[in-house]
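Nothing in this text is a laboratory measurement; each read-out follows from the coordinates by a stated rule. For clarity, every value in this text was computed on a predicted model and none was experimentally measured. Here the Cβ positions follow ideal geometry from the backbone for every residue, glycine too, while neighbour counts run over all protein chains shown.
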Amino acid sequence: MPLSRHFYAVDEVQAALQYATTRTDRKETLFWCQEMILSGYVSEAISTLFEAWLWQKGAFCLSWLTSAWSTLSSEECSEHDILLAAYQLTSCERDHSLWSILALTAMDHPPERVTPKTPFLLSDEREQYMVRALFQGKAYSAWWMARQLDAGRVWVVLKEYLESQSVDASYLEALKGYDKLLGYQTNEYDTIVQCLAVLTACLTPIQRGKSNKPLPPAMDCLETLEEWVSCIGTKKRRIYSIPVMCLYGMTKRGHLKWSQNTLRSLNDIESDLIGSPCWEEELDGYIKMADGRIQWKSDDAREDWYETFFPDDIPDEWTKADKEKSHGDGILAPTETVTLLKYVRIHLSKKSRLAWNHHRMIHKFLEGKVWDHPSSIVTLFPSVTTNKNTLAPLRRRLRVDV
């Protein structure tokens with residue numbers, strides 16, 4: 001695994017950045033974000049922040065999406081813009097409705113019946129059901145019906161519905177263009193992002209107001225950032241340790257047993273510098289490649305390079321405590337394997353405001369499911385069949401006892 005500017009494993013820096021945003025720890029969030037940027041992983045830093053927002057905040061922090069879209073979706077953005085986006089993300093409310101709705105979909109959970117209450121009438125009964133579900137805040141039912149419509153038509157219905165409620169629907173364009181923040185586009189994420197779009201339309205006016213509340217316009221720890229910049233390239237810059245809780249299912253070390261460790265990466269550091277943008281740039285002129293391996297141009301070149309970039313001794317000579325800030329033992333028991341269930345219990349089992357009281361049922365469904373990535377839940381979706389009785393609005397009669 002390539003190493004960051006200060007010799008953390010890059011996959012662990014990404015995991016730590018996501019994890020720090022969920023703990024609303026602004027300084028640690030900025031630390032990991034800055035480490036990504038210093039290491040040359042600018043696009044990956046933006047992608048990590050977007051994924052953290054998508055899975056951990058989502059519909060309940062739309063102000064972050066609109067802000068990030070305006071500053072980070074172009075081909076050029078500043079370090080300040082990225083750090084500010086990371087800082088702002090920590091102030092957003094955490095919510096796991098997106099994951100819960102996707103998991104219920106994989107379970108083929110039945111939708112709710114809707115009532116005749118509607119903001120407007122449509123000739124297509126499926127679209128009418130979806131609009132009624134949106135209007136009545138029945139998020140799963142709205143998404144269940146959205147899956148039966150053409151994807152392009154879903155975006156049109158969502159826009160028409162939001163505008164009928166006098167809601168600015170411009171953020172839908174940011175969701176449709178999610179690849180400019182995530183960095184890539186897949187069929188799975190097309191589905192996941194559209195699901196989130198449906199959830200955003202189910203917010204109550206109070207929820208929407210909170211979701212669109214203004215974010216902090218500036219960072220209140222600029223002196224700390226300047227202090228960190230002053231010690232770039234030194235061991236002193238390794239301020240934080242990788243949080244063990246962030247490793248499971250997300251990193252190489254998160255797939256290792258207790259009896260295994262990653263210390264070799266520091267004890268034999270040269271092999272893990274290739275592949276890291278910042279280190280490949282710093283090695284230019286000192287090395288040559290032969291049969292896929294690093295070869296120093298001369299012994300003097302190697303000595304000069306180490307003197308320049310290791311002012312505090314080479315990592316091989318660091319103390320155990322210093323090494324364990326970034327490397328160490330695996331986290332799995334001797335017979336344990338990574339499972340989607342445990343990952344969800346660790347990272348995706350907090351409040352789901354649009355899908356109440358389903359965690360226990362979802363956890364039971366996930367037993368035995370092989371780990372891949374949260375987005376892989378989409379591959380478990382069953383085909384949709386429509387029951388005409390479900391489309392018919394539920395009408396209730398008031399019974400008067402005489």
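Tabulated values for the structure
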{"read-out": "Candidates Gly254, Gly233, Gly368: whichever shows maximal mean-square fluctuation once the chain is modelled as a Gaussian network with Cα springs under 10 Å", "value": "Gly368"}
{"read-out": "Inter-part distance where the range 103-131 and the range 221-299 are each reduced to a Cα centre, Å", "value": "51 Å"}
{"read-out": "Kirkwood Rh in Å, taken over the range 1-118 so that all alpha-carbon pairs contribute", "value": "15.4 Å"}
{"read-out": "Equivalent ellipsoid semi-axes, the range 115-166, via Cα gyration tensor eigenvalues times 5, rooted, Å", "value": "14, 13, 11"}
{"read-out": "Pairwise centroid distance, computed over Cα atoms, of the range 55-95 with the range 132-146, Å", "value": "27 Å"}
{"read-out": "Chymotrypsin sites (Phe, Trp or Tyr not before Pro) restricted to the range 177-214 and DSSP loop, no more than 12 other C-beta within 10 Å", "value": "Tyr184"}
{"read-out": "Dipole of the chain, positive end: most advanced residue of Trp371, Leu65, His96 [Cβ charges, Cα centre]", "value": "His96"}
{"read-out": "Label-point gap, in nm, between Ile239 and Ser298 - each point 7 angstrom along Cα→Cβ", "value": "4.1 nm"}
{"read-out": "Free-standing Cys, the chain [no other Cys Cβ under 4.7 Å]", "value": "Cys33, Cys77, Cys195, Cys202, Cys221, Cys231, Cys246, Cys278"}
{"read-out": "Residue-averaged [θ]222 nm for the chain, counting only DSSP H segments that reach four residues, each worth -39500 (n - 2.57)", "value": "-13500 deg cm²/dmol"}
{"read-out": "Distance between modelled label sites at Val156 and Ser70, nm, 7 Å Cα→Cβ extension", "value": "3.1 nm"}
{"read-out": "Dipole axis of the range 122-217 (+1 Lys, Arg; -1 Asp, Glu on Cβ), positive-most option in Thr204, Leu181, Ser123", "value": "Thr204"}
{"read-out": "Rh by Kirkwood over Cα pairs, then Stokes-Einstein D for the chain at 0.890 mPa s and 25 °C, µm²/s", "value": "105 µm²/s"}
{"read-out": "Spatial separation of Cα centroids for the range 189-212 and the range 364-378, in angstrom", "value": "23 Å"}
{"read-out": "Separation in nanometres of the label points that stand 7 Å from Cα toward Cβ, at Ile314 and Ser383", "value": "6.2 nm"}
{"read-out": "GluC sites (Glu not before Pro) restricted to the range 8-104 and DSSP loop, no more than 10 other C-beta within 10 Å", "value": "Glu75, Glu76"}
{"read-out": "The range 74-153: C-alpha gyration tensor shape, a/c 1.5 cut-off, then a/b vs b/c", "value": "prolate"}
{"read-out": "Among Met361, Met107, Met250: highest mean-square fluctuation, GNM of the chain, C-alpha pairs under 10 Å", "value": "Met361"}
{"read-out": "Selection from Ile239, Gln194, Tyr161 lying farthest towards where the dipole of the range 149-245 points positive, charges on Cβ", "value": "Ile239"}
{"read-out": "Net dipole in debye of the chain [+1 Lys, Arg Cβ; -1 Asp, Glu Cβ; about Cα centre; nearest 20]", "value": "3200 debye"}
{"read-out": "Cβ-based exposure ranking for Ile192, Ile274, in which fewest neighbours within 10 Å come first", "value": "Ile274, Ile192"}
